[in-house]
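Nothing in this text is a laboratory measurement; each read-out follows from the coordinates by a stated rule. The structure presented is a predicted model; accordingly, all values stated were derived computationally and were not measured. We place every Cβ from the backbone using ideal geometry, glycine too, and count neighbours over all the protein chains shown.
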Amino acid sequence: MNPRTIRYYETIGVMPRPRRTESGYRIYSGESAEILEFILKAKTIGFTLNEIKEILFLHEQGKTPCPHTRELIAMKIREIDRKISDLAELRTKLAGLRKLKKSRSAEAAICPIIAAPSNPS
């Protein structure tokens, strides 16, 4: 992992600040590696850094973050379903535009396909 990324995680509070040597080098513990691995896994399944921070905070407080994580997952599923619906609607609009014949106002429009009055926007 890029050291800048790790320092960024420290700055925003997702990662705890590590101990330092007398010369200023960071000393990471096994727990830091575990947290980094958790962050990477959580990011690959769509969690934002703020959401990851919330989960880690609950864990640090000695609470089980699983109920909160389930709520976040349910929200993400609803968001994905909404995006799928929006994309299906957009696909239908684009398929309709692709089938349009040449418009009478072809000379007046930048692109009659997009400017067509039958373009349901």
About its Cα centre, what dipole magnitude does the chain give when the only charges are +1 on Lys and Arg Cβ and -1 on Asp and Glu Cβ, stated in debye to the nearest 20? 700
Within the chain, what is the number of lysine pairs with alpha carbons under 27 Å apart, leaving out pairs fewer than eight places apart on the same chain? 17
Report the net charge of residues surrounding residue 17, where surrounding means a beta-carbon distance below 15 angstrom and charges are Lys +1, Arg +1, Asp -1, Glu -1. +2
Calculate the spin-label point distance for residue 26 paired with residue 43, positioning each point 7 Å from the Cα along the beta-carbon direction, and give it in nanometres. 1.2
